2 protein chains.
Amino acid sequence: MDAVSSPRLTRKGLATRSRIVAAAAQLMFERGVAGTSTEDVQAAAGVSSSQLYHYFDGKQHLVRAVIVHQTEAVLAAQEPLLSRLDSIAALQAWRDLVVELQAGHGCEGGCPIGSLAAELAEIDPAARAELVAGFARWEGAIRDGLATMRHRGELRSDADPARLATATLAGLQGGLLLTQVRRETAPLAAALDMAIAHIASFLV
Amino acid sequence: MDAVSSPRLTRKGLATRSRIVAAAAQLMFERGVAGTSTEDVQAAAGVSSSQLYHYFDGKQHLVRAVIVHQTEAVLAAQEPLLSRLDSIAALQAWRDLVVELQAGHGCEGGCPIGSLAAELAEIDPAARAELVAGFARWEGAIRDGLATMRHRGELRSDADPARLATATLAGLQGGLLLTQVRRETAPLAAALDMAIAHIASFLV
DNA sequence: CCGTTTCTGGACTGTCAACTCCAGAAAGGG
DNA sequence: CCCTTTCTGGAGTTGACAGTCCAGAAACGG
């Protein structure tokens, strides 16, 4: 739709815009959207107020750009595994990666997309739409792997890749939330192991 | 620990305090903590500023009281089923109830506790502690039902009630989040069906 | 190299939200 | 019934934050 749109941006302008989004994403991940002021973003990105408002029509627009940015970042962090979730072994490797990523932060921060979703779903319809799209991409990657397995005849025909992918993403999100709150990876591991076991129950 | 503590409260004082917490809980459920000002709470509860600060040491303390309030409300809304999750049929009835509750709101709002958790986990350590306690009670209720099943010999001895309960709660939370964002109950239903199928896979 | 557009610095404004204060009303307790 | 404590009304203070404005610097395009 728009995302980058606006008028044309100079090479320099694009760099400044990216710096703002990256700084905002980092701060909003750490303190939430409401806990991050535009002044904080300006300071972190090393830009002035007029610059921020030159590239974005206000905080809400900046937040939408942050959602897009974080969606890319989260999906990229799971590659190349995410694009090849077409075996139980691949799913387990992906599970291990996700768990290790959380352990690496000390279980802080939760899911960059999930946290934004919880904070914004009820108060910013445009943000919610962007989040639906982000989750759809994530779920789509999982679903594609499962569909490949079914297509190959490894999963029974009564396995529904779309529904399994939805349930897996739900387990992942809930596991991330509990892991964030409890500051231990056990809930995330348990949730993903459940999802994989459930998928494995459809193996031929 | 403290929760109600403070000095002694008159019958009337207790009623006023409850009104404030209930109003704050409702508003924070609809708009989030950051999106709810103390002025909003005052107006909704029909109290003055001095009253709010008479009963709470500030917004943070009020938020903690809201967490306790919502924990009670969420658990109560699932009774009497929640205390008797000791068969697959009981789990399915509970699943149906949870899904219907969400459908009843039009899938708005998500989980009252989960939303608070996502918003507060990183910015309010005291709130995080209260949320850990709230989730523990929820998970404990699920775990107790599963432990009963295992004790009766309905679940195999390699089933770990605590871990299954954690995974189920994770699925529930993630399902609620996706359901909130997508405005449809399918993700919640898929996640809970997965959890129940996983539990059923441990039946003797 | 020159006109136009984009980009940047920084001061400024208006609003809103958290929290304080104090005086007076109501309740409790002996 | 009176004294103490709790409770309430409402005005006031302080600070922060989203967003504006305009003048000047840099980049681009022919």
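For A:A89, which inter-copy label distances result when the label point lies 7 Å beyond Cα on the Cα-to-Cβ vector, reported in nm to one decimal and in ascending order?
Label-point separations across copies, in nm and ascending: 4.4.
For the pair A:R137 and B:H151, what calculated FRET efficiency results from E = 1/(1 + (r/R0)^6), where r is the Cβ-Cβ distance and R0 = 56 Å, to the nearest 0.05? Show your work: numbers first, answer last.
Numbers: r = 44 Å, r/R0 = 0.79.
My answer for the efficiency is 0.80.
Counting helices only, and only those DSSP H runs with n ≥ 4, report the 222 nm mean residue ellipticity of the protein assembly as shown as the sum of -39,500 (n - 2.57) divided by its residues, in deg cm²/dmol to the nearest 500. Can you show the working numbers first?
Details: 18 runs with 291 residues, N = 408.
Mean residue ellipticity at 222 nm (helix-derived): -23500 deg cm²/dmol.
Can you put A:R11, B:R163, A:R17 in order of Cβ neighbours within 10 angstrom, beginning with the fewest? Don't jump to the answer; show the numbers that get you there.
Working: A:R11 7, B:R163 18, A:R17 22.
Sorted ascending by nearby Cβ count, the order is A:R11, B:R163, A:R17.
For the stretch B:95-168, which GluC sites (Glu not before Pro) pass both filters: DSSP loop (anything but H, G, I, E, B) and at most 15 other C-beta atoms within 10 Å? Present the calculation step by step, with values, prior to reporting the outcome.
Values: sites: B:E100, B:E108, B:E119, B:E122, B:E130, B:E139, B:E154; in loops: B:E108, B:E122, B:E154.
The qualifying sites are B:E108.
Need one number: the % of Cα-Cα pairs in the protein assembly as shown sitting beyond the 28 Å mark.
50
Evaluate the distance, in nm, between pseudo-label points positioned 7 Å from the Cα of A:D96 and of B:E184 along their respective Cα→Cβ axes.
It is 3.6 nm.
Over the whole of B:192-202, what's the average partner chain Cβ count within 10 Å per residue? Rounded to a whole number, please.
Details: counts 2, 3, 14, 8, 0, 5, 8, 1, 1, 5, 0.
For peptide B:192-202, the averaged partner shielding equals 4.
Kirkwood-based Rg over Rh for the stretch B:64-137 (C-alpha set), two decimals?
Rounded to two decimals, Rg over Rh is 1.02.
Return the sequence-ordered ³J(HN,Hα) values of the stretch A:86-94 in whole Hz as given by the Karplus equation 6.51 cos²θ - 1.76 cosθ + 1.60 applied to θ = phi - 60°, using x for Gly and Pro.
10, 7, 5, 4, 5, 5, 5, 5, 5
Quick one: B:T10, B:T179, fewest Cβ neighbours within 10 Å first, how do they rank?
The fewest-first ordering by Cβ neighbours comes to B:T10, B:T179.
If each of B:D57 and B:A73 carries a label point 7 Å out from its Cα toward its Cβ, how far apart are those two points in nm?
2.5
Rounded, prolate or oblate: pick one for the stretch B:95-204, where a ≥ b ≥ c are the square roots of the eigenvalues of its C-alpha gyration tensor, a/c under 1.5 means rounded, and failing that, prolate if a/b is larger than b/c, else oblate.
Judged from the Cα gyration tensor, the stretch B:95-204 comes out oblate (a/c at least 1.5, b/c at or above a/b).
Determine, for B:L116, A:L62, the number of other Cβ atoms within 10 Å of each Cβ, and report the residues in order from fewest to most.
A:L62, B:L116
In nanometres, what is the gap between the two model label sites at B:H105 and A:A200, each 7 Å from Cα along Cα-to-Cβ?
Once both label points are built, they end up 3.5 nm from each other.
Please report the relative contact order for chain A, taking Cα pairs under 8 Å with a sequence separation of at least 6, and give it as a percent rounded to a whole number.
20
Which of the trypsin sites (Lys or Arg not before Pro) found in the stretch A:119-155 are loop residues per DSSP with 11 or fewer other Cβ atoms within 10 Å of their Cβ?
A:R152
Any read-out appearing in this document is the output of simple, stated calculations on the displayed coordinates, not a laboratory observation. What you are looking at is a predicted structure, and each value in this text was computed from that prediction instead of being measured. As a convention, Cβ positions derive from the backbone with ideal geometry for all residues, glycine included, and neighbour counts pool all protein chains shown.
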